[in-house]
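The values are calculated or read from the model by the stated rules, or taken from the named source; none is laboratory data. It should be emphasised that the depicted structure is a prediction, and the values quoted were computed from it without experimental measurement. Note that we place each Cβ from the backbone using ideal geometry, even for glycine, and neighbour counts take in every protein chain shown.
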Amino acid sequence: MAKIHMILQGKGGVGKSFIASTLAQYKLSTGQNPLCIDTDPVNSTFHGFKSLDVKLLKIMDGDEINPRNFDHLVEQIATSTNDIIIDNGASSFVPLSHYLITNDVPALLLDMGHEMIVHTVITGSQALLDTVNGFALLARQFPSEALFVVWLNPYWGPIEHEGKHFEQLKAYTTYKERISAIIKIPLWKAETFGRDISDMLQERLTFADAIANSSNTIMSRQRLTIAKKQLYEQMDSAPIL
């Protein structure tokens, strides 16, 4: 049985491609060989990670998204024996979500022997309510066959509203039974860890690429090693992954 990991969140710039690339790297580190697909027609960041051999799915016909092009995605999923990681951009969030729901894709995948896992992101500051509402919308609309992993990304600010953390918000208490795991991205200091990770992502490098790059300083590579460990240890504790 293959696990079909879809990164879905309607808000742009919240770290979806970082999550997709981190998930792909984690699976590679455990001896798996995931099929990586980027469906973002505007900013195909995931596709830029050459070490991950990410396939770009063409979903545009002219200037518009053609939902039938998502049929090609299902065809690739159907025949795969390896886990699949799909990064979806904000611009194609609504069309892909609508396609998956109206075509009963989660149930179809289950019938094929696959398991669908929706990864969504919660961020802080001004994007907090948008991303929380985005998670609640997904949890409400997707059928029970779809499992959820929530990633908490504090890059834009603390993930709290009126003194309440995510696990205290109504969206969590209402849909907590749908959540199989929560991954907390550390609040890395901007001038050290944050800068190293930002540089790594701008160059579309994996942790392994950046750590092996001798042009990076010793301490930069050390911080990236620590950051990778912080993420991987949480992922080790999530059986769904």
For residues that are among the aliphatic types (A, V, I, L, M) and in contact (Cβ under 8 Å) with a residue 60 or more places away in the chain, scanning just the range 141-155, find the one that is nearest to Ala190 (Cα to Cα).
Val149
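Could you list, in sequence order, all residues of the range 91-141 that are outside any helix (DSSP H, G or I), farther than 23 Å from Gln168 by Cβ and under 17 Å from the mean Cα position of the chain (by Cα)?
Going residue by residue through the range 91-141, those that are outside any helix (DSSP H, G or I) are 103-104, 112-124.
Narrowing further to those that are farther than 23 Å from Gln168 by Cβ: 103-104, 112-117.
Scanning the range 91-141 gives Glu115, Met116, Ile117.
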Scanning the range 165-210 residue by residue, the ones that are under 21 Å from Met235 (Cα atoms), among the hydrophobic types (A, V, I, L, M, F, W, C) and buried (at least 19 other Cβ atoms within 10 Å of the Cβ) total 9
Give the range 104-113 a look and list any residue that's farther than 13 Å from Met6 by Cα and touching a residue at least 24 places away in the same chain (Cβ under 8 Å), or say none.
Asp104, Ala107, Leu108, Leu110, Met112, Gly113
Which one is surrounded by the most Cβ atoms within 10 Å (Cβ to Cβ), of the residues in the range 1-25 that are farther than 26 Å from Asp111 by Cα and not small (Gly, Ala, Ser)?
Lys16
Scanning the range 26-63 for residues that are farther than 19 Å from Ile4 by Cβ and in contact with a strand residue (DSSP E or B) (Cβ under 6 Å, 6 or more places away or on another chain), the one surrounded by the fewest Cβ atoms within 10 Å (Cβ to Cβ) turns out to be Ser44
Residue in the range 175-192 that is of a type outside the set (S, T, N, Q), closer than 30 Å to Ser80 by Cα, in a loop (DSSP other than H, G, I, E, B) and within 20 Å of the chain's Cα centre (by Cα) present:
yes
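Restrict the check to the range 173-183 and report whether at least one residue is within 30 Å of Ala107 (Cα to Cα), small (Gly, Ala, Ser) and in contact with a helix residue (DSSP H, G or I) (Cβ under 9 Å, 6 or more places away or on another chain). Even if it seems obvious, please write down each step before you answer.
To start, the set of residues in the range 173-183 that are within 30 Å of Ala107 (Cα to Cα) comprises 173-183.
Add one more test, that the residue is small (Gly, Ala, Ser), and what stays is 180-181.
With in contact with a helix residue (DSSP H, G or I) (Cβ under 9 Å, 6 or more places away or on another chain) added as a condition, the list becomes 181.
Yes, that holds for at least one residue.
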Considering only residues that are among the hydroxyl-bearing types (Ser, Thr, Tyr) and surrounded by fewer than 21 Cβ atoms within 10 Å (Cβ to Cβ), look in the range 125-151 and name the one that is nearest to Gly13 (Cα to Cα).
Ser125
Note down all Cβ pairs under 6 Å where the first residue falls in the range 64-87 and is surrounded by 15 or more Cβ atoms within 10 Å (Cβ to Cβ), the second is of a type in the set (Gly, Ala, Ser) and at pLDDT 95 or above, and they're at least six residues apart or on different chains.
Ile85/Ala20; Ile85/Ala24; Asp87/Ser17; Asp87/Ala20
Step by step: first the residues of the range 142-174, then only those that are assigned to a helix (DSSP H, G or I) and of a type outside the set (A, V, I, L, M, F, W, C), then the one that is modelled with the lowest pLDDT. Which residue is that?
Tyr155
Contact list, first residue from the range 34-59 and part of a strand (DSSP E or B), second anywhere and among the β-branched types (Val, Ile, Thr), beta-carbon distance below 6 Å, six or more apart or interchain, is Leu35/Ile84; Cys36/Val54; Cys36/Ile85; Ile37/Ile86; Asp38/Val54; Lys55/Ile37
The listed residue being farther than 25 Å from Ser44 by Cα and either surrounded by fewer than 11 Cβ atoms within 10 Å (Cβ to Cβ) or touching a Leu at 6+ places or on another chain (Cβ under 6 Å) (or both), out of Ser215, Ser220
Ser215
For the list (1) of a type in the set (Asp, Glu); (2) within 18 Å of the chain's Cα centre (by Cα); (3) under 19 Å from Lys3 (Cβ atoms), I need the number of the one condition that Glu75 fails.
(2)
